[in-house]
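Asker: Here it is, the structure, as structure tokens.
Every number in this text was worked out from the coordinates using simple rules, so none of it is lab data. The structure displayed is predicted, hence computed values, not measured ones. So basically every Cβ, Gly included, is an ideal-geometry build from the backbone, and we count neighbours across all protein chains shown.
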Amino acid sequence: MSITSNPSRTSRGKLSSTVPAEQLAEIRELFEERRKGFSLDAPFYTDPTIFGMDMQGIFQKNWLFAASVAELPEPGDYVTVEYGPTSLLIMRKDDGGVNVLHNVCRHRGARVLTAPSGSTGNLVCGYHSWTYSPEGDLIHASAPGETEFDKSCFGLKKAHSRVYAGLIFVCVADEPPTDFDEVAKIFVPYLEPHDLGRTKVAYQQNIVEEGNWKLVMENNRECYHCDGHPELACSLFPTWGLTEGIVPSHLEEVWDRNKQAENSLEERCRRYGLPYEVVEELDTRIAGIRISREPLDGEGESFSPDGHRLSKKLLGNLRDFRLGRCSMHLQPNSWFHFLGDHVITFGVFPINEHQTLVRTTWLVADDAVEGEDYDLDKLTHTWKQTNIQDKAFVELCQQGAGSPAYEPGPYMKSEYQVEAFINWYVQRMQEHMA
Amino acid sequence: MTITTTSIEVPEPQRVRDFVMPWNHTLSANGPAANAARALGPWHPQEFMAECVETIPEAGGLKTFVFRRLDGAPLAFRAGQYLNIAFPIHGEDQDPVDRSYSISSAPTSPWTFSITVKRDNGGLVSPWIHDHVEPGTVLDMLGPVGAFHLPDVERRPRYLLLAAGAGITPIMSMLRTIHALPGRADVVVLYHGAAPGEFGFAKELEYIANVDDRIQVFYSLGDRSVPENWEWMLGRLTAQMLEQVAPDANGRQVYACGPEGYLNHAADLLRKVGVDDTSVHMEFFSGDRKTLLEYQEEISLAEDLAEEYAEEAAEQTNHFAETQPAELQLFQPAATDIDTEAEVEAEAVADADTDAPVDDSDFTSVGEGTLTLSFIKSRIKLRIDPTERILGPAQRAGVRIGANCQEGMCGSCKIVKISGEVEMNHQGGIRAREIASGKFLPCCSTAQSDMVIDA
Ligand code: FES
Ligand code: FES
Ligand SMILES: [Fe+2]
């Protein structure tokens, strides 16, 4: 953290930023002694102080995934999101852009909007009805007898936002990392053809996992455990994460099928001018990313038992249903699957050191009709089941981290992305503490 | 600290993206459509008489017969539909023989229309048509009939049109329609014929494919022997052939017309290359008993509908005639059964208008003024002047309305009007959407008429 001689008003009175020197030294040491290629020491998953530092060092510094434009289709629509102690409201403006404001009333700090989503004109705090414009300016506060009250000093605080390919990202840091715009240049060409601006939310699932946010992310970054996902195994090649040399014999046949599917997918992508190459910079930059377009098993169209499409309306201007899945991993809190017929976004919202909200949103073309073009249960089946299974895995690990016998274990070759995530995390935190 | 909020998703003005049939506008308009536009709408089957005005010999033993309705009205149909025509083969005093023929012309030129008939020398009807129908021949017709047609509006107008032999007729209508209309489209035609000279409409197809870069046409020569100068494909339909002409077939809507064997074979292949069953539309021009019975059913249903509509039309024409110049009477179509959402809503509002202040005996009346506001939950009738803001008098009369800013900013006083007009001067406390759905802010509104309010 860089110490400025003239600390801004906003950092005043934050006790949490000053972890006692002794404890801080201890935590520093934990970071320094982290054994590469091994899972983290238990306190990283269980300690409230480290959680607080995670919120400062990761969630108050980096670009975070918040929602997609389909969740706030019209002017005045908003969603509220929470990253640990930070609550933001994301609102669609009249001109089509989005505003991101801190959901903290400037009177006495009440949450201004309490619903997870909705639609509103001006923003009215429920406590004493201070009223803010959609831009966050305080435009009304009844002030009987007040003579020197200057409304212009009490607007809602703003946060940075970016909308790329229909995904809304936020950053609450004063000076956000600058490489995110470069990373957007990488992923936008992959995602834009799916035209999220012309999609709608078919379903949204919120689950609270009893696990540290890092365990949720680690679990997502490997498919070593994919035997535990029978539904997903129908369409996702279980060879994911493996490379030529390390394919176990029982997967050889699948490996070949995967190769073939890959070839025909690449041919299709070339035909339609869709990028498919793997770009992987998970821990080599601040806005860590992995993106690629990969084949799906069976008919190769969607996450269904036979790989057949789950919605009959193609997204955007795509011409073909057999486009596998364009998948993106972003550090620190999101992953996505973009298919020909639907898109699934996953956002990770830490609650405390042992609880994390995982929000999964299924998007289909906005002219797709439920019951006619898609069956909601079928559309959501695979990932609903997979999420429940993953929740259980994460919770097992959280319990393990809390037990006296726990010690860090080795990540296997197929878990290189987990290592990359942890390595990314450690680097960011060390920068934060420096 | 510099805060930047970017507005990247500003919606751009859009060019015509969707492919829209001209009558779709009429279908979705609220008010009564202009009569000419109405006449173009593919509303319903009718029984009418039509006169042959021209015959055009085509390649492949086909002949096109151009008709116009005797009543002078345009023929409204959707590209791909057919007509059921009575042919007096055994003389005028005997029962005519009914046959169905696809319309080969486009609904975008509706004042005349054509059918294209292949001469089948072993058959009873087609040779008679070829030999006897000529300019001046008048026939009884029923139509349009059939569910095999292009959609009225399509965001993804990507089609694969498959035709074999005389199956080109409805496909030709579709192609002419698409060619005539603006909008994005991506059309691939694969046309199977028996011999090089037997592809009907060959010249026009070549022309359209040349001038319209949205349309590609491919030919294949069935399984016959090949003459030397044939440059197109050879052989029956195969999966490979489909992949070759339309590698993105699985993302297209497929319309196919031809003999039964060809279509069944095509259905298998389409499944194989990944076309979803629900994206395949077929018209059989020959078929087993079941298929034929289905068509018969379609026709008899069309007959019933036509009768119903004719009766309605007759009724309407009576009072319509009073207000219209005589020659327009012919154009008066029957009422449509397509209720747009807006119409339904308008009706609902109209209903509310008439029966809202139902039993007002237990309403308390307060105030003085020229207008009456009936608050139906509070059972209060408030008399008010058109210059007075509504909130204060309403609250004082005992209507429970939350309020805070009193300036139209906070939205806390928002209530719903069931009828009547207000003039509102708000400052962002309400969204255009909410206003459209009947909400208003009484703190910054004055009444413009008597009102019924849901509060
Ligand atoms: S805390 Fe929001 S108005 Fe008082
Ligand atoms: S009282 Fe605030 S909008 Fe009416
Ligand atoms: Fe998993």
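Asker: Can you compute 3J(HN,Hα) from phi for each residue in the stretch A:419-430, using the Karplus curve 6.51 cos²θ - 1.76 cosθ + 1.60 with θ = phi - 60°, rounded to whole Hz and x for Gly and Pro?
Answerer: 4, 4, 4, 5, 4, 4, 4, 4, 4, 4, 5, 5
Asker: Expressed as a fraction of 2.2 N^0.38 Å, the rule-of-thumb size for a compact globular protein of N residues, what is the C-alpha radius of gyration of the protein assembly as shown?
Answerer: The protein assembly as shown yields a ratio of 1.18.
Asker: Follow-up question, since we're still on this one. Between A:A42, A:A25, A:A66, find the one with the highest GNM mean-square fluctuation for chain A; connect C-alpha pairs within less than 10 Å.
Answerer: Highest fluctuation of the listed residues: A:A25.
Asker: Continuing with this model, one more query. Cut-off under 13 Å on the C-alpha distance; same-chain residues fewer than 8 positions from A:K391 excluded. Which aspartates and glutamates are left, in chain and number order?
Answerer: Candidates past the 8-residue exclusion: A:E209, A:E210, A:E218.
Asker: From the Cα gyration tensor of chain A, with a ≥ b ≥ c the square roots of its eigenvalues, which class applies: rounded if a/c is under 1.5, or else prolate if a/b is larger than b/c, or else oblate? Walk me through the intermediate numbers first.
Answerer: Values: a/c = 2.06, a/b = 1.27, b/c = 1.62.
Oblate, since a/c reaches 1.5 and b/c is not below a/b.
Asker: What is the distance, in nm, between label points placed 7 Å from the Cα along the Cα-to-Cβ direction at A:D375 and at A:E82?
Answerer: Label-label distance for A:D375 and A:E82, simple model: 3.7 nm.
Asker: Using only the Cα atoms of the stretch A:64-163, build the gyration tensor, take square roots of its eigenvalues as a ≥ b ≥ c, and label the shape rounded, prolate or oblate: rounded if a/c is under 1.5, else prolate if a/b is larger than b/c, else oblate.
Answerer: Values: a/c = 2.09, a/b = 1.77, b/c = 1.18.
Taking the square roots of the gyration eigenvalues as a ≥ b ≥ c, the stretch A:64-163 is prolate.
Asker: Work out from phi, with θ = phi - 60° and the Karplus expression 6.51 cos²θ - 1.76 cosθ + 1.60, the ³J(HN,Hα) of each residue of the stretch B:391-407, listed in order in whole Hz, and give x for Gly and Pro.
Answerer: Each residue's phi maps through the Karplus curve to give 3, x, x, 5, 4, 5, 7, x, 7, 7, 10, x, 7, 9, 6, 6, 10 Hz.
Asker: If you bin the C-alpha pair distances of the stretch A:389-434 every 5 Å from 0, what whole percents do you get?
Answerer: Taking all Cα pairs of the stretch A:389-434, the binned fractions are 5, 17, 14, 23, 24, 13, 3, 0 percent.
Asker: A follow-up question, please. In the stretch A:87-176, what trypsin sites (Lys or Arg not before Pro) fall in a loop by DSSP, with at most 10 other Cβ atoms inside 10 Å?
Answerer: Loop-located and lightly packed - A:R108.
Asker: May I ask you to derive the FRET efficiency for B:D277 and A:W240 from their Cβ-Cβ distance with R0 = 25 Å, giving the value to the nearest 0.05? Intermediate results must be reported in sequence, preceding the final value.
Answerer: Details: r = 31 Å, r/R0 = 1.22.
Working from the Cβ atoms, E equals 0.25.
Asker: Roughly how many nanometres apart are two label points built 7 Å out from the Cα toward the Cβ at B:A432 and B:T387?
Answerer: Placing both labels 7 Å along Cα→Cβ, they lie 3.3 nm apart.
Asker: Continuing with this model, one more query. With chain A treated as a Gaussian network of Cα nodes joined by springs under 10 Å, which of A:T361, A:T147, A:T199 yields the largest mean-square fluctuation?
Answerer: A:T147
Asker: So what is Rg over Rh here for the stretch B:153-284, counting just Cα atoms and using Kirkwood for Rh?
Answerer: Over the Cα atoms of the stretch B:153-284, Rg/Rh equals 0.94.
Asker: Something else: Tell me whether the stretch B:364-453 comes out rounded, prolate or oblate; compute the Cα gyration tensor, take square roots of the eigenvalues as a ≥ b ≥ c, and use a/c under 1.5 as the rounded threshold. Present the calculation step by step, with values, prior to reporting the outcome.
Answerer: Working: a/c = 1.63, a/b = 1.48, b/c = 1.10.
Prolate.
Asker: Here is a further query. Just subtract the alpha-carbon distance of A:Q399 and A:D94 from 0.36 nm times their residue separation and send over the number in nm, one decimal.
Answerer: Values: separation 305, 0.36 × 305 = 109.80 nm, distance 4.71 nm.
Between A:Q399 and A:D94, full extension yields an extra 105.1 nm.
Asker: What length, rounded to one decimal in nm, is gained on full extension from A:D174 through to A:D367, with 0.36 nm per residue of separation minus their alpha-carbon distance?
Answerer: 65.5 nm
Asker: Another one. Where in chain A is the longest stretch that carries no GluC sites (Glu not before Pro) classed as loop by DSSP and with at most 12 other Cβ atoms within 10 Å? Walk me through the numbers on the way to the answer.
Answerer: On the way: sites that count: A:E33, A:E146, A:E148, A:E277, A:E372.
Free of exposed loop sites, the longest segment is A:149-276.
Asker: If you don't mind, another one. Distance from the Cα centre of the stretch A:364-424 to that of the stretch B:141-161, in angstrom?
Answerer: 44
Asker: Which of the cysteines found in chain A have nothing to pair with, since no other Cys Cβ lies under 4.7 Å from theirs?
Answerer: Lacking a cysteine Cβ partner under 4.7 Å: A:C153, A:C171, A:C234, A:C269, A:C326, A:C397.
Asker: Can you pull the one-decimal nm distance between simple spin-label points at B:R119 and A:H225, each 7 Å off the Cα toward Cβ?
Answerer: Placing both labels 7 Å along Cα→Cβ, they lie 7.7 nm apart.
Asker: Under 8 Å for C-alpha pairs, at least 6 residues apart: give me the relative contact order for the stretch B:153-284, rounded to a whole percent.
Answerer: Rounded, it is 28 percent for the stretch B:153-284.
Asker: Given a Förster distance of 51 angstrom, what is the FRET efficiency for B:I56 paired with A:E253, based on the Cβ-Cβ distance and rounded to 0.05?
Answerer: Once the sixth-power term is evaluated, E becomes 0.25.
Asker: Turning to a different aspect of this structure: How much length, in nm to one decimal, is gained on full extension between B:H132 and B:K290, taken as 0.36 nm per residue of separation minus their Cα-Cα distance?
Answerer: Result for the pair: 53.8 nm of gain on full extension.
Asker: Counting only the backbone N, which residues of the stretch B:118-146 are under 19 Å from the spot 7 Å out from the Cα of B:Q94 toward its beta-carbon?
Answerer: Output list for this probe position: B:120-134, B:138-140.
Asker: Based on alpha-carbon atoms only, what is the radius of gyration of the stretch B:110-150 relative to the globular estimate 2.2 N^0.38 Å?
Answerer: Against the empirical 2.2 N^0.38 Å value, I get 1.40 for the stretch B:110-150.
Asker: As a quick test, which of the pairs A:K185/A:K384; A:K61/A:K313; A:K312/A:K384; A:K200/B:K417; A:K61/A:K378 have an alpha carbon distance above 27 angstrom in this structure? Let's see the in-between values first.
Answerer: Working: A:K185/A:K384 31 Å; A:K61/A:K313 39 Å; A:K312/A:K384 20 Å; A:K200/B:K417 30 Å; A:K61/A:K378 38 Å.
The pairs that break the limit, which is 27 Å between Cα atoms, are A:K185/A:K384; A:K61/A:K313; A:K200/B:K417; A:K61/A:K378.
Asker: What FRET efficiency do you get for A:E431 and A:V279 if R0 is 35 Å and r is their Cβ-Cβ distance, rounded to the nearest 0.05?
Answerer: Rounded to the nearest 0.05, the efficiency is 0.90.
Asker: Cα to Cα, under 22 Å, and not fewer than 8 places away if on the same chain: which lysines meet these conditions relative to B:K414?
Answerer: A:K93, B:K377, B:K381, B:K439
Asker: Take the Cα gyration tensor of the stretch A:181-433, multiply each eigenvalue by 5, square-root it, and list the three semi-axes largest first, rounded to whole angstrom.
Answerer: With the √(5λ) rule applied to the stretch A:181-433, the semi-axes are 29, 21, 19 Å.
Asker: What percent of all Cα-Cα pairs in the stretch B:44-145 falls in each 5 Å bin, counting up from 0?
Answerer: With a bin width of 5 Å, the distribution comes to 2, 13, 25, 29, 19, 9, 3, 0.
Asker: What is the list of residues in the stretch A:94-122 whose amide nitrogen lies under 13 Å from a point 7 angstrom out from the Cα of A:A143, following Cα to Cβ?
Answerer: A:107
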